[in-house]
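The values are calculated or read from the model by the stated rules, or taken from the named source; none is laboratory data. What you are looking at is a predicted structure, and each value in this text was computed from that prediction instead of being measured. Note that each Cβ is placed from the backbone with ideal geometry, even for glycine, and that neighbours are counted across all protein chains shown. Note: areas computed on protein heavy atoms with side chains; ligands, DNA, RNA excluded. Shrake-Rupley method; radii C 1.70, N 1.55, O 1.52, S 1.80 Å.
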Amino acid sequence: MTSRSPSVVGDVKALFVAKSVDLVEVGVLQPADPFLDIAGEDLRRRIFLTESETGQALCLRPEFTIPVCLDHIASQAGTPRRYGYLGEVFRQHRDGSNEFFQAGIEDLGDTDTACADARLVADAHELLAKAVPGAGLKVTIGDQSVFEAVLAALGLPRGWRMRLARAFGSHAMLDAALADLANPPRNGQLAGPVALLAVDGDAEGLADQIARGMEQAGLPLSAGRTPAEIARRLIEKVQLRSVRLSDDAFTALKTFLAIDTPLTGATAALRGFAAEAGLELGAALDLFAARAEAIAGHGLASDAVRYDAAFGRPLDYYTGLVFEIGAENGEDRPLAGGGRYDRLLTLLGARQPIPGVGFSVWLDRVEALREARA
């Protein structure tokens with residue numbers, strides 16, 4: 001650590017020791033492809049990119065979850081295992097610093113999903129409570145899997161489910177997707193061979209066509225979305241224009257997204273919504289109920305812990321729980337945030353599925369709150 005390390009570092013390390021968390025170090029310079037392919041648009045557009053002498057796309061570490069998971073896979077360590085990290089991350093910002101300190105925990109391999117989720121939320125809350133004693137903390141919880149279960153139960157086609165799932169966590173993107181779902185756009189038609197390939201759903205041929213066009217325009221293939229991803233998105237857009245959700249289904253979706261309640265009443269609210277809408281939410285709702293009960297066991301299920309059905313976080317690898325913790329009387333920016341990512345390690349190359357859940361704390365924001373309360 002450098003001399004610029006926040007004073008809260010001691011509290012972080014003490015929590016790691018108390019929770020039997022292994023402090024791990026990962027390189028500042030990381031392979032860029034996992035972030036470009038997996039992390040999502042919000043993070044992708046803020047990455048600092050460079051290139052090795054051999055042409056490999058590299059980036060300054062924009063977050064810790066992917067590097068910690070890659071390190072776990074490379075080390076072939078057993079699970080369950082809990083990793084802690086502490087260091088700087090680098091992201092482009094219009095306002096504020098482009099480098100700042102984060103700390104957090106990645107909990108890998110625990111198959112008791114509800115228990116692991118609740119423990120992570122409690123650990124993040126405990127760290128902040130120790131770092132800023134007396135500060136009122138508010139916890140907001142969402143659930144990617146419940147959202148996706150609602151979309152599936154409403155009978156949305158796969159293309160729409162994927163678009164809405166990607167929008168989960170961005171109110172602007174979600175509002176735009178819902179507007180298009182209510183009234184599918186008719187403009188923006190493609191032209192030439194690209195249009196034919198998209199209409200035919202020829203993902204491979206379309207990706208090749210896009211790659212050739214990028215090369216002719218002098219655009220590097222590793223600078224943003226890959227040709228395959230662009231092709232998939234174009235095919236989805238063509239398919240989405242032909243779908244319009246029924247009024248009843250659209251009303252049910254809007255009703256679901258409006259649910260915002262203390263966690264103590266969230267399970268009942270979801271069961272009531274499902275019954276009223278005639279939807280079966282199955283395992284996703286059962287897991288939600290078990291998690292809520294487990295969080296209550298940590299003493300957190302009070303009015304300060306809320307469930308917001310429309311709440312998500314702008315990282316594409318989340319699969320279940322998502323949460324943020326902020327100060328009751330502070331700024332809107334969260335002090336900590338995290339979620340569950342059960343598919344991430346497989347996407348990164350793990351031979352067997354490894355469940356995972358983790359959180360990050362913005363130490364600079366915590367430091368500022370400490371100073372303001374001093």
ask   = With the Cα gyration tensor of the chain giving a ≥ b ≥ c as the square roots of its eigenvalues, does the rule (a/c under 1.5 for rounded; else a/b larger than b/c for prolate; else oblate) give rounded, prolate or oblate?
value = oblate
remark   = For the range 102-151, shape from the Cα gyration tensor axes a ≥ b ≥ c, cut at a/c of 1.5 then a/b versus b/c, turns out oblate
ask   = Just how much of Ser20 is accessible, in Å², when a 1.4 Å probe is used and the result is rounded to the nearest 10?
value = 90 Å²
query = Where does the chain land at 222 nm, in deg cm²/dmol rounded to the nearest 500, when only DSSP H runs of n ≥ 4 count, each adding -39500 (n - 2.57), divided by all residues?
reply = -13500 deg cm²/dmol
ask   = Want the number for Leu49 to Gln216: 0.36 nm per residue separation, take away the alpha-carbon distance, what's left?
value = 57.9 nm
request  = Mind ranking 354-365, 120-131, 251-262 by how tightly packed they are, going by the mean number of other C-beta atoms within 10 angstrom, highest first?
outcome  = 354-365, 120-131, 251-262
remark   = Residue by residue through the range 78-92, the couplings from Karplus 6.51 cos²θ - 1.76 cosθ + 1.60 with θ = phi - 60°, in Hz, x for Gly and Pro, are x, 10, x, 8, 10, 10, x, 9, 7, x, 8, 10, 10, 9, 6
key: Which of Val26, Ala296, Ala172, positive extreme of dipole for the chain (C-beta unit charges)   = Ala172
inquiry  = What whole-number volume per residue, in cubic angstrom, does the convex hull of the C-alpha atoms of the range 56-158 give?
reply    = 215 Å³
task = About the Cα centre of the chain, how large is the charge dipole given +1 on each Lys and Arg Cβ and -1 on each Asp and Glu Cβ? Please answer in debye to the nearest 20.
result = 300 debye
inquiry  = As an exercise, use a Förster radius of 22 Å and the Cβ-Cβ distance of Arg233 and Lys254 to find the FRET efficiency, rounded to the nearest 0.05.
reply    = 0.30
Projected label distance in nm at Val26 and Ala289, using a 7 Å step from Cα toward the beta-carbon = 3.6 nm
ask   = For the range 1-137, what are the per-bin percents of Cα-Cα distances with bins 5 Å wide, up to the bin holding the maximum?
value = 2, 9, 17, 19, 20, 17, 11, 4, 1, 0, 0
remark   = Among His125, Gln102, Ile47, the residue whose Cα sits farthest towards the positive end of the charge dipole of the chain (+1 at Cβ of Lys and Arg, -1 at Cβ of Asp and Glu, taken about the Cα centre) is Ile47
key: Gain on full stretching of the segment that runs from Ala304 to Leu178 - 0.36 nm per residue minus C-alpha separation   = 42.4 nm
note = Residues of the range 127-147 with backbone N under 19 Å of the label point set 7 Å from the Cα of Ala296 along Cα→Cβ are 139-143
query = How high is the relative contact order of the range 295-374, in percent, with contacts defined as C-alpha pairs under 8 Å that are six or more residues apart?
reply = 21 percent
ask   = Counting only protein chains, not ligands or nucleic acids, how are His72, His171, His298, His93 ordered by accessible area (probe 1.4 Å), most first?
value = His171, His298, His93, His72
request  = Could you calculate the contour length gain from Asp95 to Ser75, that is, 0.36 nm times the residue separation minus the distance between their Cα atoms, to one decimal place in nm?
outcome  = 3.4 nm
task = Work out the count of Lys pairs in the chain where the Cα-Cα distance is under 30 Å, with the pair 8 or more places apart or on different chains.
result = 7
ask   = Largest first, how would Cys69, Cys115 line up by accessible area (1.4 Å probe)?
value = Cys115, Cys69
request  = Quick one: grab the alpha carbon gyration tensor of the range 272-372, order the square roots of its eigenvalues as a ≥ b ≥ c, and give me rounded if a/c is under 1.5, else prolate or oblate depending on whether a/b is larger than b/c.
outcome  = oblate
task = Over the range 1-78, consider all pairs of different Cα atoms and compute the Kirkwood hydrodynamic radius from their mean reciprocal separation; express it in Å, one decimal.
result = 14.6 Å
